[in-house]
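Taking it in order: structure first as structure tokens, then the write-up.
We did not get these values from a lab; they are worked out from the coordinates using the rules stated. This is a predicted model, so every value here is computed, not measured. Cβ: placed from backbone, ideal geometry, glycine included. Neighbour counts: every protein chain shown.
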Amino acid sequence: LNMNIAEYSKGNLFNHEPARTRKLLLHKKEILKMKQKVQEAGYTLIPTKVYLTKGRAKVEIAVAKGKHKYDKREDEKKKAIEKSIRQYSKERY
């Protein structure tokens, strides 16, 4: 798992290396399940949350399926409509 965690600015010589490969601490079965899903068409691993606990960086990972092109087009249309409504309401008031 390649991840960039910035160095502690007030740290000293013993700071960690910011960009390096880090171990994914999961059970073997969990890793194999995720690997199977990712190898299927359209699935990917997404970090949903990154946080620090007791000096350790932790990441919540989700397996998600990508959108189809028609879904993306619908979302773009909705965003454009909402944007035009906001602009119209700003001009009006």
| request: Taking Lys33 as the residue in question, decide whether it is in contact with a Lys or Arg (Cβ under 9 Å, 6 or more places away or on another chain) and of a type in the set (D, E, K, R). | output: no
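Counting residues that are in contact (Cβ under 8 Å) with a residue 24 or more places away in the chain, which strands (runs of 3 or more DSSP E) fully inside region 1-67 reach at least 2?
Working: elements: 2-4, 19-21, 43-53, 56-65.
The strands (runs of 3 or more DSSP E) meeting that bar are 56-65.
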| If you take the residues of region 41-62 that are of a type in the set (Lys, Arg) and touching a strand residue (DSSP E or B) at 6+ places or on another chain (Cβ under 8 Å), which of them is surrounded by the fewest Cβ atoms within 10 Å (Cβ to Cβ)? | Lys49
